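Working notes, structure below.
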Amino acid sequence: MYTEKSVELKSDFYTRFGETTGELCFERVGVPCVIMDSGSHALAFALGCGVRAYGRRYGDVLRILNAGSNVCDVHFMKSGRGAQILYSTDVPGLPGMKDTAVFAIEKLLVRMSIAEGHSMAGSAAAICDRYGSGGWCAYASYDEIKEIPLPLTGYNVLLIRTRRKKNKKIPRDVIEQYCAGEKERIIAAADGLKKCRINVLFDMINESERAYEYLMNPPEQAAAAVKAAMSADGVKAAKICDNGVICFTVKDKTDSIIHAVSEEYEKKTGFSAEVLVVK
């Protein structure tokens, strides 16, 4: 996705490293978002926010510079296998962003023929990049991963960032009960997506969230964010995930939804909500 942010990063690269000769390479990787996960089955996709990285081969030293923090990692390489790399993250501190950055840099090193493979090949970032981006969703069934359609034309995905608190300790039999139901919901959602029936996914997400709140005793602020989202006109589904609360919304109503959710969440919790458009 070559956007304004990518153009700005490219300009920043030349400002920092100069415009010497050499092919400039680009990689972008979205942060993985797990929609549902039962342990044996899962649905996940790459968000629109993530990591952008530019690089070119240069000399014998590998310099990897974070554009946001200005922290530079330096590695001495074999003759002629050095490079200059500049990368940026769209939403610093988002869970999964660190691994996404590592994978994006590895992809860039492979593209520049400096590395031959990915140490992060089995990571969520790598799986979603391969199977769950560009209108597709990664569907994991036991040890098999497939790409299935994720028809989100006409919809946006919002992320409500909440204060991260761990769930209270849940008995093992309750967790097993939740996972058994989640597996069936994932299979039903995947079957619907294979036929491009996005409403089936929305129904299963909402059913999953109800089961999660009933059985798993989630943090109060996260549950309040779901209620705030579902009370807004145009929100089709909302669910607690590692990154906060993920919401699927009608695109034409996104601005009014953000306002309504922010207002309702503050009423319920006393805290301001950070609502981001992530796809």
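Summarising the strand pairing of region 6-113, around 80 percent of its internal DSSP beta bridges are antiparallel. Amide H contacts for Met36 (H built 1.01 Å from N in the peptide plane; partners 5 or more residues away or on another chain; cut-off under 5 Å): Leu43.
Global dimensions of region 64-130 from alpha-carbon coordinates: Rg and Dmax equal 12.5, 37 Å.
Along region 190-200 the Karplus relation, 6.51 cos²θ - 1.76 cosθ + 1.60 evaluated at θ = phi - 60°, assigns HN-Hα couplings of 5, 4, x, 5, 4, 9, 6, 9, 5, 5, 5 Hz to successive residues, with x for each Gly and Pro.
Just to be sure I follow: if Rg is taken over the C-alpha atoms of the chain and Rh is the Kirkwood radius over the same atoms, what is Rg/Rh?
Values: Rg = 20.4 Å, Rh = 20.1 Å.
On the Cα set of the chain, Rg over Rh gives 1.01.
With point charges of +1 on the Cβ of Lys and Arg and -1 on the Cβ of Asp and Glu, referenced to the Cα centre of the chain, which listed residue (Ile127, Leu152, Leu86) lies farthest in the positive direction of the dipole? So the residue we want is Leu86.
Quick one: what do you get for region 109-154 if you divide its Cα Rg by 2.2 N^0.38 Å? Working shown, then result.
Details: Rg = 13.0 Å, N = 46, 2.2 N^0.38 = 9.4 Å.
This ratio for region 109-154 stands at 1.38.
Restricting to the chain, compute how many DSSP beta bridges are antiparallel as a %, nearest 5.
On the way: 49 of 54 bridges.
In the chain, DSSP labels about 90 percent of beta bridges as antiparallel.
Using the heavy atoms of the protein chains and a 1.4 angstrom probe, tell me the accessible area per residue for the chain in square angstrom. Present the calculation step by step, with values, prior to reporting the outcome.
On the way: 14110 Å² over 279 residues.
Using a 1.4 Å probe on heavy atoms only, each residue of the chain averages 51 Å².
Dipole orientation for region 1-108: of the candidates Phe76, Pro32, Pro95, Phe76 has the Cα lying most toward the positive pole (charges on Cβ; Lys, Arg +1; Asp, Glu -1). With bins 10 Å wide beginning at 0, the percent of Cα pairs of region 192-279 falling in each bin runs 17, 50, 29, 4, 0.
Convert 20 °C to kelvin, take the viscosity as 1.002 mPa s, use the Kirkwood radius over C-alpha pairs of region 92-231 as Rh, and evaluate the Stokes-Einstein diffusion coefficient in µm²/s, rounded to a whole number. Spell out each step's value before the answer.
Details: Rh = 17.5 Å.
Taking Rh from Cα pairs, D becomes 122 µm²/s.
Scalar couplings 3J(HN,Hα) for region 263-279, obtained by applying the Karplus form with A = 6.51, B = -1.76, C = 1.60 to θ = phi - 60°, are 5, 5, 5, 5, 4, 6, 10, x, 10, 6, 9, 9, 10, 10, 7, 10, 6 Hz; x denotes Gly and Pro. For Lys236, the amide hydrogen comes within under 5 Å of the amide hydrogens of Phe248, Thr249, Val250, counting only partners 5 or more places away or on other chains and with H modelled in the peptide plane.
Throw me the Rg/Rh for region 1-140, computed over C-alpha atoms with Kirkwood Rh, two decimals. Don't skip to the end; give the middle numbers.
Numbers: Rg = 15.5 Å, Rh = 15.6 Å.
Radius of gyration over Kirkwood radius for region 1-140 works out to 1.00.
Measuring between their Cα centroids, region 157-236 and region 69-92 lie 38 Å from each other. Taking amide hydrogens as placed 1.01 Å from N in the peptide plane, the amide H of Cys241 sits under 5 Å from those of Ile246, each at least 5 positions away in sequence or on another chain.
Using a 1.4 Å probe on the protein heavy atoms, what percent of the accessible area of the chain belongs to carbon and sulfur? Don't skip to the answer; put the middle values down first.
Working: 6900 of 14110 Å².
For the chain, the apolar C and S fraction of the accessible surface comes to 49 percent.
Per residue of the chain, what 222 nm ellipticity follows from adding -39500 (n - 2.57) for every DSSP H run with n ≥ 4, rounded to the nearest 500? Helix contribution divided over all residues of the chain: -12500 deg cm²/dmol. Karplus-derived 3J(HN,Hα) values for region 132-149, using 6.51 cos²θ - 1.76 cosθ + 1.60 with θ = phi - 60°, are x, 10, x, x, 10, 10, 7, 10, 9, 10, 6, 9, 9, 10, 10, 9, 10, x Hz; glycine and proline are entered as x.
The values are calculated or read from the model by the stated rules, or taken from the named source; none is laboratory data. This one's a predicted model, so the numbers in the text were calculated from it and none came from an experiment. Backbone-built Cβ (ideal geometry, glycine too); neighbour counts: all protein chains shown. Ligands, DNA and RNA are stripped out before the accessible areas are found, and what is left, the full protein with its side chains, is counted by its heavy atoms. Shrake-Rupley method; radii C 1.70, N 1.55, O 1.52, S 1.80 Å.
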